[in-house]
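K.L.:
Just dropping this structure here.
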Amino acid sequence: MERFPFPHDLVRAQQEWHDVYRALAQPRPRHATELRRRLVLLSVRIHWHPFWSTPAGWTPAARVELRRLTGGDVPAPRLPAVRDA
């Protein structure tokens, strides 16, 4: 049994958000401006989705579960090592 009944459009938006985030995390991403705009649009769509106004969406655990469910284990981009001079 599913713990949170996430709507399909919310799940898809979160999956796409992760995809766009990963694309932006690449060194010198192509079409960076478009990707940033898409990330902002998806962030707004996810944040203001009507699901969060339902009893199932009231808990912070629901947001965490949505990220886990959609592959939200996004690794931090690796930064080059800094050497002391």
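The values are calculated or read from the model by the stated rules, or taken from the named source; none is laboratory data. Quick caveat: nothing in here was measured; it's all calculated off a predicted structure. Each accessible area value is taken on the protein alone, full model and side chains, heavy atoms only, with ligands, DNA and RNA left out. Shrake-Rupley method; radii C 1.70, N 1.55, O 1.52, S 1.80 Å.
K.L.:
Leaving out ligands and nucleic acids, note down the accessible area per residue over region 35-74 with a 1.4 angstrom probe, in whole Å².
P.N.:
For region 35-74, the per-residue accessible area is 69 Å².
K.L.:
Shifting gears a bit: Using 0.36 nm times the number of residues separating Arg22 and Arg68, minus their current alpha carbon distance, what extension gain do you get?
P.N.:
15.0 nm
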